[in-house]
Structure formats: structure tokens, C-alpha cells
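Scroll down for the structure; my scribbles are underneath it.
The numbers here are math on the coordinates, done by the rules we state, and not lab data. In this text the structure is predicted, and so the values were computed from the model without any measurement. Using ideal geometry, Cβ is built from the backbone for each residue, glycine included, and neighbour counts are taken over all protein chains shown.
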Amino acid sequence: MLNGRTALVTGGARGIGAAICKKLASLGADIAIAALERNEQSDALEQEIMSQYGVRAKTYACDVSDADACKETVKQVLADFGNVTILVNNAGITRDTLILSMKEADFDAVLNTNLKGTFNMTQACYRTFMKQKYGKVINLASVSALLGTAGQANYAASKAGVIALTKVTARELASRNVTCNAIAPGFIATDMTKGLEDQYIGQIPMKRAGTPEDVANLAAFLASPESDYLTGTVIRIDGGLAIS
Ligand code: NAP
């Protein structure tokens with residue numbers, strides 16, 4: 001379904017990002033993984049994707065908070081693969097604590113990675129999407145932005161910003177046949193949420209954590225032609241956690 005298309009997935013070497021890489025590869029997409037650094041994990045994922053799904057995969061060292069690094073990465077991906085059709089802005093971090101004790105550096109780090117990183121990569125791909133007259137931007141938001149989770153002032157604000165950016169991107173690029181949607185996961189079992197199960201599982205109506213694959217299945221729909229008329233939306237995937 002995605003043969004001949006290249007997906008650029010930020011923070012793609014582990015967690016939700018890695019699951020998205022594998023799912024999109026299983027549908028035929030070539031995979032460009034943007035990771036803070038190339039390491040054993042990213043090498044292993046590249047190998048797994050290429051051998052299991054017969055598509056191309058390559059890792060690019062890129063800190064998404066660095067606008068120049070994002071531009072350089074997109075340039076390299078275009079040179080290597082010839083197109084960027086799917087952009088998954090997945091890289092994200094948390095630095096949780098109450099507002100009272102939140103350090104300025106921790107506020108800035110989260111905003112710079114989650115929000116500015118999403119902007120940087122979107123901007124770096126923008127001209128390519130316009131020229132191609134087709135593209136799929138998938139931004140990882142969070143139910144934290146919808147709920148205003150205590151202890152996550154930086155994270156919730158960054159993800160609320162990602163939702164706003166999703167809507168702006170969707171409007172600006174709609175006439176070029178480029179869609180942009182946000183996924184708002186609830187509690188997904190990854191390194192990011194390790195040790196927090198007791199705090200959250202009881203609040204989830206489905207009484208279980210989500211898996212990275214749950215999120216990847218939704219990303220696959222948003223990356224596919226089946227969602228071509230869907231843009232500017234925020235889709236929760238949270239076992240009911242943020243039902244309003
Ligand atoms: P994770 O397991 O902690 O993985 C985060 C990934 O982001 C890692 O690959 C990390 O790279 C990468 N990354 C961090 N800072 C980066 C930067 N400046 N530049 C490039 N890559 C960077 O997290 P996850 O749970 O998979 O989360 C993925 C996304 O889903 C995030 O945006 C997160 O906010 C969102 N989300 C997660 C949950 C959840 O419950 N897990 C819920 C809602 C939303 P390294 O491997 O090099 O550190």
C-alpha cells in the first residue's frame with residue numbers, strides 16, 4: 001500500500017517510533033529513522049526492517065530541536081530515497097514535576113524537543129510536500145494536552161502546541177493534497193512510562209496500558225491513502241482515559 005513512499009520517523013529507534021517504523025515498512029514504505037545518534041539499537045532496527053520487510057532503511061543522527069540538523073537530514077533523505085511522503089513527528093521527552101519545582105532548563109528542553117522539534121521537521125519537509133503535491137504529516141501529541149495532567153506543565157503545554165501546529169499545517173497544506181493529523185496517546189507501555197503503571201492503569205476504563213503497536217496501527221491508517229480526506233484532526237488512542 002505504501003510502496004515507493006518514504007517515511008521519515010523522528011525518535012524512530014525505540015518505543016512508539018520503532019513500532020511505527022516496522023508497521024509502515026510492513027506496508028511497503030522505505031524508512032528513514034531520525035535518532036539522536038546512531039547506535040546498536042538503531043542498527044538492529046534497520047537490519048530487522050530490511051530483512052523482514054524487504055524495504056530500505058537508514059538512520060540519520062539528528063537532534064530535532066536543531067533546525068539546521070533537521071534541514072540537513074531531510075536533504076540527505078531526499079538524496080538517498082528520492083522522496084519524503086510521510087513525516088512522523090514522534091521524538092519526545094518528559095521532565096515531570098510540579099510547576100513549583102520545575103526548572104527553566106527542563107521547561108525549555110521539553111518545549112524545544114516536542115514542539116520546536118515538530119515545527120523544525122515540518123518546516124524542513126514543507127517545500128518537498130508542496131512540490132510533490134502529496135504528503136502525510138503525523139504528529140504525536142498526548143492526552144496530557146487535553147487533560148492538563150498535573151506535574152506535566154512543560155509536556156502538556158508542548159503537546160497542546162503540537163495540536164495547534166497540526167491544525168495550522170493542515171490548513172496551510174490542504175490545497176496541496178497534504179494532510180496533517182495528530183495522534184493523542186494515553187498511557188502506552190514504553191521506556192517513557194516505565195514505573196508509572198500503578199499511578200495510571202486504574203484510571204484507564206479499559207484497565208490496561210496501550211502498546212506501541214496500538215499506536216502504530218493508527219499511524220498506518222493516517223499514513224495511507226485511506227485517510228486522504230482526513231486532516232487537522234486529533235485522534236485519541238487511550239483505552240478511554242480522556243473520554244470527556
Ligand atoms: P520513548 O520510548 O522515550 O522514545 C522517545 C524517542 O524520542 C527516542 O527514540 C529518543 O531517542 C527520541 N528523542 C528524544 N529527544 C530527541 C531529539 N531531541 N531528537 C531526536 N530524537 C529524540 O518515548 P515513546 O513513549 O515512544 O514516545 C513517543 C512519542 O509519543 C513522544 O512524542 C511522546 O511524547 C508521545 N507519547 C507517548 C506516550 C506514552 O504513554 N508512552 C503517551 C502520549 C504521547 P533516543 O533513543 O536517542 O533517546
For the range 22-94, what mean projected area does the convex hull of the alpha carbons give, in nm²? 5.0
Among the listed pairs Lys71/Lys131; Lys75/Lys167; Lys23/Lys58; Lys75/Lys131; Lys22/Lys167; Lys71/Lys116, which have their C-alpha atoms separated by more than 19 angstrom in this model? Lys75/Lys167; Lys22/Lys167
Distance between modelled label sites at Ala79 and Gln41, nm, 7 Å Cα→Cβ extension: 2.7
Listed highest first by mean packing, meaning other Cβ atoms within 10 Å per residue, what order do 199-211, 172-184, 18-30 come in? 18-30, 172-184, 199-211
On C-alpha positions alone, give me the angle between the axis of helix 67-81 and the longest principal axis of the chain, in degrees, nearest 10. 40
P(r) histogram, all alpha-carbon pairs of the range 145-244 included - 5 Å bins from 0, percent: 2, 12, 19, 23, 20, 12, 7, 3, 1, 0
Once normalised by the length of the range 41-156, the mean sequence separation of its alpha carbon contacts under 8 Å that are 6 or more apart gives a contact order in percent of 31
Relative to the longest principal axis of the chain, what angle (0 to 90°, nearest 10) does the C-alpha long axis of helix 40-53 take? 60
For Thr59, residues with placed amide H under 5 Å, excluding near neighbours: Ile33
Pairwise FRET efficiency - Asn177 versus Asp96, Cβ, R0 = 51 Å, nearest 0.05: 0.85
C-alpha long axis of helix 117-132 to longest principal axis of the chain, angle in °: 30
Given the DSSP H assignment, sum -39500 (n - 2.57) over each helix run of at least 4 residues in the chain and divide by its residue total; what's the result at 222 nm in deg cm²/dmol, nearest 500? -13500 deg cm²/dmol
So what is the relative contact order of the chain, in percent, for Cα pairs below 8 Å that sit 6 or more residues apart? 19
Here, Tyr134 and Leu27, labelled 7 Å along Cα→Cβ, have an inter-label distance in nm of 1.3
Kirkwood hydrodynamic radius, the range 35-181, all distinct C-alpha pairs: what's the number in Å? 16.4
Report ³J(HN,Hα) in whole Hz for each residue of the range 226-237, in order, from the Karplus equation J = 6.51 cos²θ - 1.76 cosθ + 1.60 where θ = phi - 60°; Gly and Pro get x. 5, 10, 4, 9, 9, 8, x, 9, 10, 10, 6, 9
Can you compute 3J(HN,Hα) from phi for each residue in the range 183-191, using the Karplus curve 6.51 cos²θ - 1.76 cosθ + 1.60 with θ = phi - 60°, rounded to whole Hz and x for Gly and Pro? 9, 10, x, x, 9, 10, 6, 9, 4
Which far-off residues, 5 or more places away or on another chain, put their amide H under 5 Å from the one on Ala182, with H placed in the peptide plane? Asn139, Thr233, Val234, Ile235
I'd like the Karplus ³J(HN,Hα) series for the range 96-113: coefficients 6.51, -1.76, 1.60, θ = phi - 60°, whole numbers in Hz, and an x wherever there's a Gly or Pro. 6, 5, 5, 3, 3, 10, 6, 7, 4, 4, 6, 5, 5, 4, 5, 5, 5, 7
